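The values are calculated or read from the model by the stated rules, or taken from the named source; none is laboratory data. Here the structure is a predicted model, which is why all the values come from computation and not from measurement. Neighbour counts are summed over all protein chains in view; Cβ atoms, including those assigned to glycine, are modelled from backbone coordinates with ideal geometry. Side chains included, ligands, DNA and RNA excluded: accessible areas come from the protein's heavy atoms. Shrake-Rupley method; radii C 1.70, N 1.55, O 1.52, S 1.80 Å.
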Amino acid sequence: MKNNYMYCVLFCLFYQNTAGQFFSSGHTNNWAVLVCTSRFWFNYRHVANSLSVYRSVKRLGIPDSHIVLMLADDMACNHRNPKPATVFSHKNMELNVYGDDVEVDYRGYEVTVENFLRVLTGRLPPSTPRSKRLLSDDRSNILIYLTGHGGNGFLKFQDSEEISNVELADAFEQMWQKRRYNELLFIIDTCQGASMYERFYSPNIMALASSQVGEDSLSHQPDLAIGVHLMDRYTFYLLEFLEDIHPASKANMNDLFKVCPKSQCVSTPGHRTDLFQRDPGSVLITDFFGSVRKVEITTEVVNLTNPIEQVDER
């Protein structure tokens, strides 16, 4: 009997230690906010960028109910599209990233700076449907991906307005103060992208950009049939990397930082980790791009023997 007791104690201690390592990220759910800010046919690649990331996070387990997808234009239905209801990200036209199950939450002129900031901070009208809300909490890991045209300290929306790096930093601080995230991964593919994370000051944010201040982010894969580029270089190589990731993958953020070196991107990708509390080498890619369901182990006794009280029907 004594030996059995000791075995149980050791068993519990072992699993407590294992659970502590397993839950090192501290999160229990994942969300993604994916935003294309550009209109017009010649910006086809920006829509393809966002849809490609959307496809990857869904493949790795994040459901549509936890993805807010914002597309400023509908390339699939554009009258210049020679293959209606499709958006391709490769020249061989083998991968249609629009697919049959894309759920666009904000489209066209709904994609504004105001709506984007309202989604992040939760300051939405009561009538806003659940599908258009970021219903995260203090145990949510959030991926925020932006693509479009930008400059030093700003990103354009619809070619008619822009969001500054200060406004974005303040929105993230509101999210932190309102306990809307546990950890946040920010990725931006735009010219001078690194300028957008220079003003961040909130805890637990890791940021990546496709280019440094003073550099342009370049397009990739021109397609003569439709007359535009299909993707941007940084996102193309990012997705090439993500194709090798699976839900049980042990790849970490240090691996992600190596994506698209200057020899491939032409621009110089950057990243910022000083606000992040964990070592990037211990942060799994699936901590943000996937949604691996985890089991929490407790040593407390849970009483499951009490009969369920029957409610009299009247």
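Within the accessible area of the chain, what % is carbon and sulfur when the probe is 1.4 Å and the other protein chains stay in place?
Looking at the chain in its full context, I get 52 percent from C and S.
Please report Rg over Rh for the chain, where both radii come from the alpha carbon positions and Rh follows the Kirkwood definition.
1.05
Defining a contact as two alpha carbons under 8 Å apart and six or more residues distant in sequence, what relative contact order in percent does the chain show?
Value for the chain: 20 percent.
Order the following by accessible area, largest value first: Thr86, Thr235, Thr28, Thr305. Probe radius 1.4 Å; ligands, DNA and RNA are ignored.
Numbers: Thr86 20, Thr235 0, Thr28 65, Thr305 115 Å².
Descending accessible area places them as Thr305, Thr28, Thr86, Thr235.
Taking the dipole about the Cα centre of the range 222-296, with the C-beta of Lys and Arg at +1 and of Asp and Glu at -1, give me whichever of Ile226, Phe289, Phe257 is farthest to the positive side.
Phe257
Ignoring solvent entirely, what values of log10 I(q)/I(0) come out of the Debye formula for the range 82-170 at 0.18 Å⁻¹ when each Cα is a single scatterer?
Log10 I(q)/I(0), no solvent term: -1.05.
Protein chains only, probe 1.4 Å: how do Tyr201, Tyr44, Tyr98 rank by accessible area, largest first?
So, going from the largest accessible area down, we get Tyr201, Tyr98, Tyr44.
Cβ under 12 Å from Ile226's Cβ, Ile226 left aside: what net charge do those residues give with Lys, Arg +1 and Asp, Glu -1?
Values: positive: Arg45, Arg80, Lys83, Lys91; negative: Asp223.
With Lys, Arg at +1 and Asp, Glu at -1, the neighbours total +3.
Pairs to check: Lys132/Lys262; Lys91/Lys262; Lys132/Lys156; Lys83/Lys258; Lys58/Lys91. Give those whose C-alpha atoms are more than 30 Å from each other in this structure.
Values: Lys132/Lys262 37 Å; Lys91/Lys262 22 Å; Lys132/Lys156 21 Å; Lys83/Lys258 35 Å; Lys58/Lys91 23 Å.
Flagged as over cut-off: Lys132/Lys262; Lys83/Lys258.
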